[in-house]
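Taking it in order: structure first as structure tokens, then the write-up.
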Amino acid sequence: QVAVKVIDKKRAKKDTYVTKNLRREGQIQQMIRHPNIAQLLDILETENSYYLVMELCPGGNLMHKIYEKKRLEEHEARKYIRQLILAVEHLHRAGVVHRDLKIENLLLDEDNNIKLIDFGLSNCAGILGYSDPFSTQCGSPAYAAPELLARKKYGPKIDVWSIGVNMYAMLTGTLPFTVEPFSLRALYQKMVDKEMNPFPTQLSSAAINFLRSLLEPDPAKRPNIQQALANRWLNENYPGRAPPNVTYPNR
């Protein structure tokens, strides 16, 4: 069984953004192999449509699980965040920055493991000829790093910030920075002032400290993905790091 993403050619032709991102998504997902990244199996084309044939993730969307439970227990969140960080570390080592890491892009397989999807906004430094650091705006504002919202030059650490937002969402069922009425300027100010929404009282200090490090507004002080992976909280009950069997088949 597989999942199929259908893209209408007429719409794609009218929208250069869709065409560009479709090509990029196909290039990246066919190039990357990792147990926590949904595999693109094939791209088919007919007169009217493109079909992206992907690995099926029968566990559904992680967002639905969070909605049902209101929030995840720390040990559950640790498992998912660790798998997400392993996937992103693999991408960064391959020169890929995802740029749109959000709960909606995290699916679950039959064994309740994370599968990262949606590489339409990803940028490849050194693989597909894109530049680094990048300076185009990408992603969803609620998950975007402050340097992205400020339209400053940025690098792979924007993914580390987004992982922090995902971790907060898993542990609380909400987002770390919210403004009413919504305004990008006000959201950015909350981020740089570190005015995070409250943590649940039952969260461990180790989890909170890790979250705060991921959501550090100054990218120079924010950990990179390898430093995040070495965090003590993240590795509780994971003795020794066994790297997954990963390949770059088309390189």
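Is the C-alpha gyration tensor of the range 60-229 telling us rounded, prolate or oblate? Criteria: a/c under 1.5 is rounded; beyond that, a/b larger than b/c is prolate, otherwise oblate. Oblate.
Spin-label model, Asn235/Glu195: points 7 Å from Cα along the beta carbon direction are separated by 3.7 nm. Residue exposure proxy: Val4, Val88, ordered by other Cβ atoms within 10 angstrom of their Cβ from fewest to most, comes out as Val4, Val88. Among the GluC sites (Glu not before Pro) in the range 26-120, those located in a DSSP loop and surrounded by at most 15 other Cβ atoms within 10 Å of their own Cβ are Glu47, Glu73, Glu110. Among the trypsin sites (Lys or Arg not before Pro) found in the range 32-93, those both in a DSSP coil and sparsely packed, with 14 or fewer other Cβ atoms within 10 Å of their Cβ, are Lys70. For Val2 and Phe182, what does the FRET efficiency come to when R0 = 45 Å and r is the distance between their Cβ atoms, rounded to the nearest 0.05? Once the sixth-power term is evaluated, E becomes 0.75. Taking the Cα centre of the range 60-229 as reference, the dipole from Cβ charges on Lys and Arg (+1) and Asp and Glu (-1) amounts to some 400 debye. Listed by chain and number, the lysines placed with their C-alpha closer than 23 angstrom to that of Lys65 are Lys5, Lys79, Lys102, Lys115; residues fewer than eight positions away on the same chain are left out.
Taking other C-beta atoms within 10 Å as the exposure proxy, His64, His92 rank His64, His92 from fewest upward.
Coordinate-derived values only; no laboratory data. No experiment lies behind these values; they were computed from the predicted model shown. Quick reminder, even Gly has a Cβ in these numbers, built from the backbone with ideal geometry, and neighbours come from all protein chains shown.
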